[in-house]
Amino acid sequence: MTLYVLSKPILLHFLTQLRSKNIDQISFRKNLVKLGRIIGYEIVNTLDYESIDVETPLGTKAKGIYIYDLENILIISILRAATPFVEGLLKALPTARLGVIAASRKEKEVQVGYPEDIPVDVYYMKIPQVSHKDTVIIADPMIATGSTMRKAIKSIVNSQPKRIYIASVIISEYGLKRLMEEFPFVDIFTISVDPEIDNRGFILPGLGDAGDRAFG
Ligand code: PRP
């Protein structure tokens, strides 16, 4: 398992704006799109490629590469907060196939004495057929306990894709440890590993409820 904590200033700049309580709904969504696009390109840089030659308009040959893994990308969007984030990922990975998982945490059931496993309702799932050549990217900007992500990984793991990536913006230390232990074959892309989860299941310092801030 590889953990990519992406720390380029442009990513931290947009994340800082997202964390601020003063950012409005439209800017919040736009920043998630921007982060999705940049993380998407970071993901592309890890894919397999081959050397090729191309002929230029001047009739000369140039050496180059072709990233053939781009032909087999499947993005899974975990609603709702991943919607603008996936819009950004698709700008970097325009040929991707797309699946969705609608999941909701039953936050009222979180007990004091956290962290515990938050019950998660998965009430819709539509995922295209997964092939052994696929790079599956499961996208969710916020990973708190990891319960939602755990269900998403389990929904595709038996199809044995070439690789499984998690694309996120913030992951809690607790969620990270839990996912790493249970799914050591999964690689994680994130911008920040935040230290705490409160007794309502919110990441601290976090950025609040990403779904609500993006969509009301
Ligand atoms: C949030 C977030 C993740 C999930 C993470 O969604 O976007 O999907 O919680 O929590 P976990 O790691 O503890 O499972 P939420 O359930 O609030 O739904 P929403 O995006 O529709 O608001």
Evaluation of Tyr4 against (1) in contact with a Phe, Trp or Tyr (Cβ under 7 Å, 6 or more places away or on another chain); (2) within 16 Å of the ligand (Cβ to nearest atom); (3) part of a strand (DSSP E or B); (4) not acidic (Asp, Glu) (one fails), failing number: (2)
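A quick yes/no check of all residues on (1) in contact with a Leu (Cβ under 8 Å, 6 or more places away or on another chain); (2) without any contact (Cβ under 8 Å) to a residue 24 or more places away in the chain; (3) farther than 18 Å from Gly36 by Cβ:
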residue: Ile143; (1), (2), (3): yes, no, no
residue: Met149; (1), (2), (3): yes, no, no
residue: Ala152; (1), (2), (3): no, no, no
residue: Lys162; (1), (2), (3): no, no, yes
residue: Leu179; (1), (2), (3): no, no, yes
residue: Pro184; (1), (2), (3): no, no, yes
residue: Asp194; (1), (2), (3): yes, no, yes
residue: Pro205; (1), (2), (3): no, no, yes
Residue hits (the range 1-39; buried (at least 19 other Cβ atoms within 10 Å of the Cβ) and in contact with a strand residue (DSSP E or B) (Cβ under 6 Å, 6 or more places away or on another chain)) are Ile39
Name the single residue that is surrounded by the most Cβ atoms within 10 Å (Cβ to Cβ) among those in the range 171-207 being within 12 Å of the ligand (Cβ to nearest atom), assigned to a loop (DSSP other than H, G, I, E, B) and at pLDDT below 95. Gly201
Residue list for the range 130-153, restricted to those being in a strand (DSSP E or B), under 17 Å from Glu182 (Cα atoms) and either modelled with pLDDT under 95 or more than 10 Å from the ligand (Cβ to nearest atom) (or both): Ile138
Asp121 passes all but one of (1) within 13 Å of the ligand (Cβ to nearest atom); (2) touching a residue at least 40 places away in the same chain (Cβ under 8 Å); (3) not in a helix (DSSP H, G or I); which number fails? (2)
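The values are calculated or read from the model by the stated rules, or taken from the named source; none is laboratory data. Here the structure is a predicted model, which means the values were calculated and not measured. Neighbour counts are summed over all protein chains in view; Cβ atoms, including those assigned to glycine, are modelled from backbone coordinates with ideal geometry.
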